[in-house]
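The block underneath contains the structure these notes are about, expressed in structure tokens.
The values are calculated or read from the model by the stated rules, or taken from the named source; none is laboratory data. Note that the structure is a prediction, hence the values are computed from the model and not measured. A quick note on method: Cβ atoms are made from the backbone with ideal geometry, for glycine too, and the neighbour counts reach across all protein chains shown. The area values use the complete protein model at the heavy-atom level, side chains included, leaving out ligands, DNA and RNA. Shrake-Rupley method; radii C 1.70, N 1.55, O 1.52, S 1.80 Å.
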Amino acid sequence: MSIWITRSEPGATALAESLEGAGFKPFKAPVLRIEPLAFEPPQGGFDAAIFLSAHGARLAAQTVKERFRRAFAVGRRTRQVLLESGIEATAAEAESSEGVLAELPDLAARRVLLVSGVGGRNVLGPGLERRGADVKRLEVYRRVPVFPLVDCAEIDAAVASSGDGFRQAAGVWFAAGGAPELPVLVPSARVGALGPELGLVNVIECAGADSEAVLAALRSMKRECLI
């Protein structure tokens, strides 16, 4: 069973290794490349830092780790990257900006640092500002589209890890002549909701973006003979 891994590195390689170890055949062809940016953290200390992706955590954790009192992560992968940098962080149960916002303590009149990439969904900052927080955003990378060559006949399913990645993968898939029935595994209902808009009709929601969640969904699909 060949699984197209569309997520960016280094997550693509980590997932490929997990899938191969579980007996699947990974096809690693990311549709987004992460380009680090030069950055200068805002002056002063912060009551909390919120890392909105594993990429942001990987690029900025060492630079800002002495600048905040508490750390929060958008999901399990991001929390693990922070832990590898010596930072204990609280991860939201629902791996999304809305999930983080719902579980944050009262940060009214507190300084909050958001670590992210350029663009993306602007949900958390405005939500915290409405609650009275003083929010500063630190953008440490940008996502660059990639257009890999894919052989649709050799792909049984695909994994997308974000809304931007899902959009780009759909464009690559249909440009290669792919069918709308391709099973696509996504990390959340929010990302999955893009399926009809993109023309992909077989979207499977995983319980997160980490390898364990993807493997659990693939095994379930295999048992049900969906691919």
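Looking across region 179-227, the residues that are in a helix (DSSP H, G or I), open to solvent by 30 Å² or more (accessible area, probe 1.4 Å) and more than 20 Å from residue 91 (Cβ to Cβ) come down to 196, 197, 198, 219, 220, 222, 223.
Every listed requirement among (1) in contact with a helix residue (DSSP H, G or I) (Cβ under 6 Å, 6 or more places away or on another chain); (2) modelled with pLDDT of 95 or more is met by residue 210 save one, (2). Contact map, region 99-122: first residue among the β-branched types (Val, Ile, Thr), second residue in a loop (DSSP other than H, G, I, E, B), Cβ cut-off under 7 Å, separation 6 or more or different chains; pairs are 100/74; 100/92; 112/133; 115/52; 115/140.
Only one of the numbered conditions (1) closer than 30 Å to residue 2 by Cα; (2) at pLDDT 95 or above; (3) in contact with a Gly (Cβ under 8 Å, 6 or more places away or on another chain); (4) not aromatic (Phe, Trp, Tyr) is not met by residue 74, and that is (2). Among the residues of region 119-135, at least one is in contact with a strand residue (DSSP E or B) (Cβ under 7 Å, 6 or more places away or on another chain), open to solvent by 10 Å² or more (accessible area, probe 1.4 Å) and in a strand (DSSP E or B).
Taking the stated definitions as given, is residue 77 closer than 19 Å to residue 212 by Cα and touching a residue at least 40 places away in the same chain (Cβ under 8 Å)? Spelling it out, residue 77 is indeed closer than 19 Å to residue 212 by Cα and touching a residue at least 40 places away in the same chain (Cβ under 8 Å). Residues being among the β-branched types (Val, Ile, Thr) and outside any helix (DSSP H, G or I): count how many of those fall in region 164-178. Going through region 164-178 one residue at a time, the tally reaches 0.
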